[in-house]
Amino acid sequence: MEIMNGKMVSQSICEKLKEKTNSLIASGKRVPQLAAVLVGSNGASETYVASKIKHCEEIGFKSNMVRLDETISEQELMTTIESLNKNAEVDGILVQLPLPKHINEQNIINLIDPEKDVDGFSPVNTGRLVLGMQSYIPATPYGIMLMLEHYNIETSGKKAVVIGRSNIVGRPMSILLSQAGPFGDATVTLCHSKTKNLSSICQEADIIVAALGKPGFLTADMVKPGAVIIDVGITRVPDASKKSGFSIKGDVDFDNVSVKSSFITPVPGGVGLMTIAGLLMNTYNAYLKRNKLP
Ligand code: GUN
């Protein structure tokens with residue numbers, strides 16, 4: 001069994017991006033800029049956005065954190081997005097989800113300029129992804145693909161099971177694993193809350209991506225010996241022994257599943273950090289494209 005080290009892989013991607021950013025600075029060019037929009041004060045969202053901003057700064061990107069009150073109207077948020085769309089210095093825009101209930105998330109996502117949509121959530125980028133065209137791939141599935149590439153995981157002809165059909169992870173992940181080409185060509189089953197016989201479907205899988213947000217859901221009896229396990233879960237569970245009062249748990253019963261697997265991602269230290277690497281790669285590529293650089 002090998003633990004897939006998201007910290008190490010994402011660090012190596014960040015190092016390369018830092019070198020490229022340093023070359024831009026040395027040649028007198030503007031550096032890439034990411035704008036992150038955070039509405040309200042959801043604890044998990046605060047942590048994710050803070051980490052995205054910190055990594056941006058570490059590699060030399062400019063960041064622009066737009067904090068908005070929980071009570072902002074949908075119209076006001078739209079006006080903010082429009083102004084970021086128009087801002088020539090902003091290469092990438094991300095609106096941290098979830099948004100407060102009174103705001104229609106899709107209306108907001110639809111408004112983000114597809115060329116700046118570094119989360120890859122807009123209808124244009126989703127359509128491009130489905131059609132196999134060049135697109136911004138949502139950061140978590142992109143990060144997982146980078147991880148599969150780093151560990152040279154064979155996916156061609158393999159049976160892959162994705163648990164969870166969210167627009168952010170499960171659905172795009174199923175598309176990427178099934179598309180023709182390197183780290184694709186898998187036979188993919190996309191499972192969700194209405195799936196019957198999930199256990200027996202998982203038992204047949206060579207690769208399992210667990211992205212349903214239920215701590216410890218995937219147990220050893222559901223896993224074939226030698227399977228590759230990707231754990232996307234990052235749920236906060238109360239933990240009195242921690243200063244924060246919580247610990248982060250994945251969707252996989254790591255202790256018991258890891259001994260049966262060939263490769264497995266830990267939580268924390270797995271997919272979470274790869275999501276940041278995916279986002280930064282998208283932002284850098286958006287910068288190149290907007291500036292017509294090779
Ligand atoms: N909420 C959970 N994951 C994500 C993500 O990857 N991007 C954004 N914008 N919001 C999220």
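The values are calculated or read from the model by the stated rules, or taken from the named source; none is laboratory data. Please read these numbers as outputs of a predicted model, since none were measured by experiment. Cβ placement follows ideal geometry from the backbone for every residue including glycine, while neighbour counts extend to all protein chains displayed. These accessible areas exclude ligands, DNA and RNA; they are computed on the full protein's heavy atoms, side chains included. Shrake-Rupley method; radii C 1.70, N 1.55, O 1.52, S 1.80 Å.
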Margin query: Looking at the structure I just gave you, is LYS224 touching a residue at least 12 places away in the same chain (Cβ under 8 Å) and open to solvent by 40 Å² or more (accessible area, probe 1.4 Å)?
Written below: yes
Note to self: For segment 169-183, give me each residue that is assigned to a loop (DSSP other than H, G, I, E, B) and open to solvent by less than 60 Å² (accessible area, probe 1.4 Å).
What the structure shows: VAL169, GLY181, PHE183
Next item on the list: List every residue pair whose Cβ atoms lie under 7 Å apart, where the two residues are 6 or more positions apart in sequence or sit on different chains, the first residue falls within segment 89-106 and is touching a residue at least 12 places away in the same chain (Cβ under 8 Å), and the second residue, located anywhere, is away from the ligand (no atom under 15 Å from the Cβ) and of a type in the set (Ser, Thr, Tyr).
Entry: ASP91/TYR287
Next item on the list: Select, from LYS54, LYS7, the only residue that is within 14 Å of LEU279 (Cα to Cα), among the charged types (D, E, K, R) and out of contact with any strand residue (DSSP E or B) (no Cβ under 6 Å at 6 or more places or on another chain).
Entry: LYS54
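Residue-by-condition table, conditions (1) closer than 24 Å to ALA211 by Cβ; (2) open to solvent by less than 20 Å² (accessible area, probe 1.4 Å); (3) more than 16 Å from the chain's Cα centre (by Cα); (4) more than 16 Å from the ligand (Cβ to nearest atom):
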position: LYS260; (1), (2), (3), (4): yes, no, yes, yes
position: VAL267; (1), (2), (3), (4): yes, no, no, no
position: GLY272; (1), (2), (3), (4): yes, no, no, no
position: GLY278; (1), (2), (3), (4): yes, yes, no, no
position: THR283; (1), (2), (3), (4): yes, yes, no, no
position: ALA286; (1), (2), (3), (4): no, yes, yes, no
position: PRO294; (1), (2), (3), (4): no, no, yes, yes
Margin query: Which pairs turn up if I take residues in segment 229-258 that are touching a residue at least 12 places away in the same chain (Cβ under 8 Å) and under 20 Å from PRO172 (Cβ atoms) and look for partners that are among the basic types (Lys, Arg) and in a strand (DSSP E or B) with beta carbon separation below 7 Å, at least 6 apart in sequence or on another chain?
Written below: GLY233/LYS249
Note to self: Suppose we filter segment 140-149 for residues that are open to solvent by less than 10 Å² (accessible area, probe 1.4 Å) and within 13 Å of the ligand (Cβ to nearest atom); how many remain?
What the structure shows: 3
